[in-house]
Amino acid sequence: MRVAQSLWGLLAEGREAAVFRFALDFCLPRVCALCGVALLPGERLAGKGHNAPLCEACARALVPITGPRCDGCGKALISETARCMRCRGQEYAFDEALPLFRYSGKAAELIRAYKTKGRRSLAPFIAAFVAATLTERWPGLPIVPVPPRKAKFRARGWDQVALLARELERGGFTVCRLLERRSSAEQKRLDRPARFANAAAAYRLKPGSCVPARLVLFDDVYTTGATAEACARALKSGGATWVAVLALAAD
């Protein structure tokens, strides 16, 4: 009954494209990328302009970070004020950092499904969160995606940050691919001091890059800030005067 009502409602509105998507969903049923529950044909998430591969319950569980944040790394503050313990005494080359989510719960599941399980169909849904934040906080600023390790790109065959950047570009955002990554050790296998040293040698500007004065550096997960720091330093060496960092989540 609910499916029939949805279909007739779309027909009454004259939305032929939506009817086609509805029929496609009916013939090729979709399931939520996180919990596996079956999605109704034509089901859309509120506020999203596409058929997102998540159910309403999982989408509602994606709660962005709210409340006080560290003015260094942008992570949520619990008992500290102004700066978290990790950032006290630390000076960063970037000027502002904003992770959208904590790397836990449904947000971590979402990023793992996209990043490690190869659910590329999640890119438009994730990019919509990023686009909303960019529009609200840094309207008009160009985006610089963080490049991947070459070994990881070869192993996976795609770059999750680059795919999101392309989605943003389709939405009218300016994307400047200014950075390149040299061969280096994998960051997650290193401690904090070693991460900063490793990252400092790993990122550089592409030759001949024209760097905007103000820009937003974009990455998937912010952990120690080593990658953001190295990329911000490279961008400022090329003429940037102000660099914000936007990440999907903070670990």
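What's the number of the condition G89 fails, among (1) under 18 Å from E229 (Cβ atoms); (2) surrounded by fewer than 19 Cβ atoms within 10 Å (Cβ to Cβ); (3) touching a strand residue (DSSP E or B) at 6+ places or on another chain (Cβ under 9 Å)? With respect to (1) under 18 Å from E229 (Cβ atoms); (2) surrounded by fewer than 19 Cβ atoms within 10 Å (Cβ to Cβ); (3) touching a strand residue (DSSP E or B) at 6+ places or on another chain (Cβ under 9 Å), G89 is out only on (3).
Residue count for the stretch 52-87 satisfying the condition of being in contact (Cβ under 8 Å) with a residue 12 or more places away in the chain and in a loop (DSSP other than H, G, I, E, B): 22. Out of all the residues in the stretch 95-102, is one or more modelled with pLDDT of 90 or more, acidic (D, E), in a strand (DSSP E or B) and assigned by TED's automatic domain parsing to the domain that holds L215? Yes, the stretch 95-102 contains a residue that is modelled with pLDDT of 90 or more, acidic (D, E), in a strand (DSSP E or B) and assigned by TED's automatic domain parsing to the domain that holds L215.
Note on the stretch 105-137: among residues that are in contact (Cβ under 8 Å) with a residue 24 or more places away in the chain and in a loop (DSSP other than H, G, I, E, B), the one that is surrounded by the fewest Cβ atoms within 10 Å (Cβ to Cβ) is G118. Meeting the requirement of 3 or more residues that are surrounded by fewer than 14 Cβ atoms within 10 Å (Cβ to Cβ) and either within 21 Å of the chain's Cα centre (by Cα) or in the same structural domain as A132 (by TED's automatic domain parsing) (or both), the helices (runs of 4 or more DSSP H) wholly within the stretch 146-251 are 150-156, 192-202. Which condition does A57 not pass, out of (1) among the hydrophobic types (A, V, I, L, M, F, W, C); (2) more than 28 Å from L235 (Cα to Cα); (3) surrounded by 13 or more Cβ atoms within 10 Å (Cβ to Cβ), if it passes all the others? Failed condition: (3).
The values are calculated or read from the model by the stated rules, or taken from the named source; none is laboratory data. What you see is a predicted model, and the numbers here were worked out from it, not measured in a lab. FYI the Cβ positions are ideal-geometry reconstructions off the backbone, even for glycines, and counts take in every protein chain you see.
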